[in-house]
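The values are calculated or read from the model by the stated rules, or taken from the named source; none is laboratory data. Here the structure is a predicted model, which means the values were calculated and not measured. Cβ atoms come from the backbone with ideal geometry, glycine included; neighbour counts cover every protein chain shown. SASA here: full protein model, heavy atoms, side chains in, ligands and nucleic acids out. Shrake-Rupley method; radii C 1.70, N 1.55, O 1.52, S 1.80 Å.
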Amino acid sequence: MALDSDTFNQLIETIRRFVETDLMPAEAFVDENDEIPEHIMEGMRQLGMFGLTIPVEYGGLGLNSEEEVQVWFEFSRAAPAYRSVCSSNNGIGSQGIIIDGSEEQKNRYLPLMATGEIVGSFCLTEPGSGSDAKSLRTTARRDGGDYVINGSKRFISNAPFAKVFTVMARTSEDSGSGPGVSAFFIDADTPGITLGEPYRKMGQRGAKACDVYFDDVRVPAHTLIGGVEGMGFKTAMKVLDRGRLGMAAGCVGVAQRLIEESVNYATERKQFGSPIADFQLIQAMIADSVTDQYAARSMIMAAATARDAGKRITKQASMCKYFASEMVGRIADRAVQIYGGTGYISESAVERLYRDVRVFRLYEGTSQIQQLVIARDTLREMAK
Ligand code: COS
């Protein structure tokens, strides 16, 4: 444990209160206005939500994976947009330099990320490369003591207000020796960087995403993560291992909320003279949802424990992300079914959550990409 158990339990209890008194009541406002109010952002900063996984020596809480996933189980009972804005500093926005960055990069950026003063975004996806991440076309050309970056990135979460970007760019064409992709950690206000308009999304309104354009963006060579060209694809994959586990834990939190909403509604709503919770066909849906959620939670805890023991968890992270994102989709669907017509109108939380959870099966690797990773690693293990 990074924290003693009393301190950790207190943290979980404080998060539970914050979720119920501040986050849940503001969900409809956030969805309608596509904006998280500043006092809520400030509350998340005060709680340390931006620096959960950032090491203590850089101002974060330094939680290990087991602790981190439990925080997400609790925090994600609120709408996923809240997690989206603070999760990147704990996952894909900071892990590149935590795992492979220089001491200078860590000292300069991590303390600011830990407090939430600045937010980091992860620029991998491009108009022409999504699932096939290795085929990205953004280039970084060496020019004296600098690199010059050109290209565009698509659907970048938190980019509209990010102050720092992890950018994957091609420093050479692929050869037999490596993919030719390097990762850079650069300030968002570097001349030549421009942003597209924020997207209008199906769900998770309040969490913003836009395109990022690089037009002759000149950055010093020390922004290259790890200081060695050609390591960027591996850095990106390692970052995604941790990101996928965190996202899976977020799915478990939303699933818990959907189950609570379903059970509350089924207990209150009467048909044929009884609460619908008395009917076995409704009970079957509740049982399936609770079982699904328990399975996801258990596998995530096991993967987190393995990660804390220093094991590589690429396959486990993919299994968790695959199962948990599909699981919460099923649970959201059952919640709408239990609510009936009320679940289809915008006043109900389940209508919003149903839209919010759809993207879990898409970003940080689609379900199909997770299947490829799981099968690839299984075949390799069995061939040994
Ligand atoms: N950790 C460390 N190294 C890893 C790794 C990981 N998790 N995954 C792959 N690598 C390494 C491999 O070991 C290989 O190294 P060597 O060349 O030294 O053997 C290298 O990276 C290339 O790996 P691989 O050949 O498996 O890459 P592929 O292009 O075949 O497949 C997939 C990679 C499809 C799994 C990858 O492109 C992917 O995850 N795509 C989805 C991207 C994504 O999630 N996008 C969402 C946007 S980010 S929010």
Go through (1) open to solvent by less than 20 Å² (accessible area, probe 1.4 Å); (2) within 18 Å of I97 (Cβ to Cβ); (3) more than 16 Å from the ligand (Cβ to nearest atom) one by one and return the number of the condition A236 breaks. (3)
Among the candidates A159, A169, which residue alone is crowded, with 18+ Cβ neighbours inside 10 Å, touching a helix residue (DSSP H, G or I) at 6+ places or on another chain (Cβ under 9 Å) and of a type outside the set (V, I, T)? A169
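Residue-wise test of (1) of a type in the set (A, V, I, L, M, F, W, C); (2) at pLDDT 95 or above; (3) open to solvent by 70 Å² or more (accessible area, probe 1.4 Å).
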position: K315; (1), (2), (3): no, yes, no
position: A324; (1), (2), (3): yes, yes, no
position: A332; (1), (2), (3): yes, yes, no
position: G340; (1), (2), (3): no, yes, no
position: L353; (1), (2), (3): yes, yes, no
position: R361; (1), (2), (3): no, yes, no
position: I369; (1), (2), (3): yes, yes, no
position: R376; (1), (2), (3): no, yes, yes
position: E381; (1), (2), (3): no, yes, yes
Please go through region 205-228 and pick out each residue that is under 30 Å from A306 (Cα atoms) and open to solvent by 20 Å² or more (accessible area, probe 1.4 Å). G226, G227, V228
Of the conditions (1) in a helix (DSSP H, G or I); (2) closer than 26 Å to G48 by Cα, D189 fails just one. Which one is it? (1)
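Quick one: which residue in A309, A287, A295 is within 22 Å of L362 (Cα to Cα), of a type outside the set (K, R) and surrounded by fewer than 16 Cβ atoms within 10 Å (Cβ to Cβ)? Talk me through it step by step, then tell me what you get.
Numbers: A309 fails: within 22 Å of L362 (Cα to Cα); A287 fails: within 22 Å of L362 (Cα to Cα).
After applying the criteria, what remains is A295.
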Residue within region 122-138 that is under 28 Å from E42 (Cα atoms) and away from the ligand (no atom under 14 Å from the Cβ) present: no
Of (1) within 23 Å of A324 (Cα to Cα); (2) of a type outside the set (A, V, I, L, M, F, W, C); (3) at pLDDT 95 or above, T14 satisfies every one except (1)
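Collect the residues in region 357-384 that are within 18 Å of the chain's Cα centre (by Cα), more than 10 Å from the ligand (Cβ to nearest atom) and aliphatic (A, V, I, L, M), keeping them in residue-number order.
Step one: of region 357-384, the residues within 18 Å of the chain's Cα centre (by Cα) are 357-370.
In the following step, the residues that additionally are more than 10 Å from the ligand (Cβ to nearest atom) were identified as 357-361, 367.
Matches in region 357-384: V357, V359.
Criterion first (farther than 30 Å from L23 by Cβ, of a type in the set (K, R) and not in a strand (DSSP E or B)) does R108 satisfy it? Quick ask: steps written out before the conclusion?
Numbers: farther than 30 Å from L23 by Cβ: yes; of a type in the set (K, R): yes; not in a strand (DSSP E or B): yes.
Here the answer is yes, as R108 does meet what is asked.
So which of R257, R307, R244 ends up being in contact (Cβ under 8 Å) with a residue 24 or more places away in the chain and either more than 16 Å from the ligand (Cβ to nearest atom) or outside the structural domain of R352 (by TED's automatic domain parsing) (or both)? Give the steps one after another, and end with the answer.
Numbers: R307 fails: either more than 16 Å from the ligand (Cβ to nearest atom) or outside the structural domain of R352 (by TED's automatic domain parsing) (or both); R244 fails: either more than 16 Å from the ligand (Cβ to nearest atom) or outside the structural domain of R352 (by TED's automatic domain parsing) (or both).
Of R257, R307, R244, the one residue that is in contact (Cβ under 8 Å) with a residue 24 or more places away in the chain and either more than 16 Å from the ligand (Cβ to nearest atom) or outside the structural domain of R352 (by TED's automatic domain parsing) (or both) is R257.
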Please state which of the following conditions N150 fails to meet, knowing it meets all the rest: (1) part of a strand (DSSP E or B); (2) within 14 Å of the ligand (Cβ to nearest atom). (2)
